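Data first, discussion second: the structure below is written as structure tokens.
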Amino acid sequence: MTTLGIDLGTSHSSLAAIEDGKAVLLDIVQLEGAHDLITDKQLPSVYFHDENAKGLRLPWDDNPVILGRYAREQAITSPERAVVSAKSWLCYKGDALLPPKAEWGGKSAKDVSTLLLSHLYQAYQNAGGAKPETIALTVPASFDPLARQLTEDAARAAGLSHFELIEEPLAAFYAWLASEPNWNKKLKAGDSVLVCDVGGGTSDFSLIAVREEHDELRLDRVAVGRHLLLGGDNMDLALAHFLAQKQGGLDHWQFVSLQQEVRKAKEKLLSDPHAETYAFSITSRGSSLFASTLRLELTKNEVKEFLVEGFFPKVDSDARLTRASGLQTMGLPYEADPAITKHLAAFLKTALKNVLAQGETFGQSAEQKLFLPNYILFNGGVFKAKILEDRIFETLKSWGANELQTLESPDLDHAVTMGAAYYAEWKKTGSRLRVRTAAPRSFYIGIEPNGMSVPGLKPQLSALCVLPQGTEEGTVLEIADQEFALWGGDEVRFHLFSGEGHSPLSSLTPNAEAQLDNVAELKSEIEDEGDGPIPVRLEVEYDTTGTLALQMKEQSGPRVWKLAFDIREGGTSG
């Protein structure tokens, strides 16, 4: 049996398997042209719709959909028939059809994710891969339960079984652990590691702390950043605007094609030490082809300076984020402020507040403005440009992280894929320490007020904290000092909310729908004997699978009602 790691990426997806105890990247067969096949370690996460395509062949399919390398190339000239960055949409209208207003109908983000996962799995099987015993599938740490559920649904629809989700920054950290057999001599109790993961469509920040327990080191993830739609795709768009302005303006189709070309230019100029310029041609759809063909050039210095100062400016620790104001067109909620360093400062500020509120220190003090880690692990292809790593490092030092050191990533492009495979293998065999994870946010159950009814007035929900941020998996909590009234009926609704920051157990937040994020609404049938509300007490269990189980125990009888919310590995169920 084999262990697989799958990175379903915004820009690229990849596969790794454990062979002789080591994670090995696998080749992925894909179309390069209508009649050409290629094998690569990466599958571009692009779907292209062409119902009239003829002669397409894959080793396992005589009439395949167009995915990967060929889809990406086709998207340059016909972007209205392509779906890119589908993963980013999973948090936002994951069942909506993409691209918006597509004349051919479009595909949902979940459907495209299913196609990509199916292609990866078929490529693995076609190469003679044995049936996997376990699979780890990566998601951003900040994915909400809906996005995790859609990812799981896509995986099942693609034929995957025996899989679980792992957060991308954690996977990158597992890859580092595997590459550093003496990690427990390098790290010591009280240390903290910032995982800075900037991918194609998202930026993820996580903090991992080192504790000592029973004379051994223990690793705990203690903070997770919010979902930031800010990454390599934004950089490509910014470079496209820069070149368009430099040219004096482009028509619509020239600009659409330019966005695809600058991605290739950026990757070439930042990864090839000998490449100083990148030249390419852009054509329009006008009647005169030669009159609308432009030759453009991008230099390495332009890319570096534009990306560094635009996305990684050196800012003070109290720099404020620019927020969107007023009306916006509908679409993905991209960050209004592109400065990744500002978002990092905001994350570290919140992390310090929450860690101290939980009674931890990890070498921090209340006098600090930010949580200051003493190690940083970079992940993501953008950091192949050493200048971007250096800017983050220098900025953290300027904020007071004087002892900061960099942990060397084994592979900026593929650490997440390899780390996912290691995670699945170590969890299966129990042979290596796993990073313990705690509740990334505080979770609340909606509570209706006990008051007189007013016609036409909807009762305002309060939120009872049932799981404070930082609660470790495997914890059982009892709210013994309060009694609640449970009403029966054919369709009883329960609302689960979440929020950033640590809230004490059983504390109440008023006006929950305005103050907190609405995670899920469960409908259930509660036996109603017609004798009014049932007095109950609440008990909460946060188990090792990331499931929050809320038990409502009858105060004067044996009955128990249970709600189960899967808040870590995807979805909600009750």
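The values are calculated or read from the model by the stated rules, or taken from the named source; none is laboratory data. Just so you know, these numbers come straight off a predicted model, no measurement behind them. Positions of Cβ are backbone-derived with ideal geometry, glycine not excepted, and every protein chain shown enters the neighbour counts. Heads up: the accessible areas ignore ligands, DNA and RNA and are worked out on the full protein's heavy atoms, side chains in. Shrake-Rupley method; radii C 1.70, N 1.55, O 1.52, S 1.80 Å.
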Report Lys22's accessible area, 1.4 Å probe, all protein chains in place, as a number in Å² to the nearest 10. 130
Surrounding net charge for Leu15, when Lys and Arg each add one and Asp and Glu each subtract one, Cβ distance under 10 Å: -1
Quick one: work out Rg over Rh on the C-alpha atoms of region 128-240, Rh as Kirkwood radius. 1.04
May I ask you to derive the FRET efficiency for Lys314 and Glu103 from their Cβ-Cβ distance with R0 = 56 Å, giving the value to the nearest 0.05? 0.75
Heavy-atom accessible area ranking, 1.4 Å probe, most first, across Arg57, Arg537, Arg436, Arg211: Arg57, Arg436, Arg537, Arg211
For a quick check of understanding: with a 1.4 angstrom probe and all protein chains in place, what accessible area in square angstrom does Lys342 have, to the nearest ten? 40
Note to self, the chain gives a 222 nm [θ] from helices alone (DSSP H runs n ≥ 4, -39500 (n - 2.57) apiece, / all residues, nearest 500) of -8500 deg cm²/dmol
Beyond a 26 Å Cα-Cα separation, which of these cross-linked pairs lie in this structure: Lys268/Lys427; Lys353/Lys397; Lys22/Lys428? Lys268/Lys427
Per residue, accessible area of the chain with a 1.4 Å probe, heavy atoms of protein chains only, in Å², comes to 45
For a quick check of understanding: with a 1.4 angstrom probe and all protein chains in place, what accessible area in square angstrom does Met418 have, to the nearest ten? 30
At 7 Å along Cα-to-Cβ for each site, give me the label-to-label distance between Glu403 and Glu213 in nm. 2.2
Within straight cross-link reach of Lys188, meaning Cα distance under 18 Å, which lysines are found once same-chain residues fewer than 8 apart are removed? none
Evaluate the relative contact order of region 391-521 (contact order divided by residue number), counting alpha-carbon pairs under 8 angstrom at least 6 apart; express in whole percent. 25
I need the chymotrypsin sites (Phe, Trp or Tyr not before Pro) found in region 463-517, filtered to DSSP loop residues with at most 13 other beta carbons within 10 Å of theirs. Trp487
Beta bridge orientation in the chain: antiparallel %, DSSP, nearest 5: 80
When Lys and Arg each count +1 and Asp and Glu each count -1, what net charge do the other residues less than 15 Å away from Ile66, Cβ to Cβ, add up to? -3
The simple spin-label model distance between Ala279 and Lys369, using points 7 Å out along Cα→Cβ, in nm, is 4.7
How large, in percent, is the carbon and sulfur part of the accessible surface of the chain at a probe radius of 1.4 Å? 47
11 Å beta-carbon shell around Lys188, net charge (K/R +1, D/E -1): +1
DSSP H helices in the chain with Cα extent of 24 Å or more along the helix axis and mean Kyte-Doolittle hydropathy at least -0.5? 109-126, 340-357
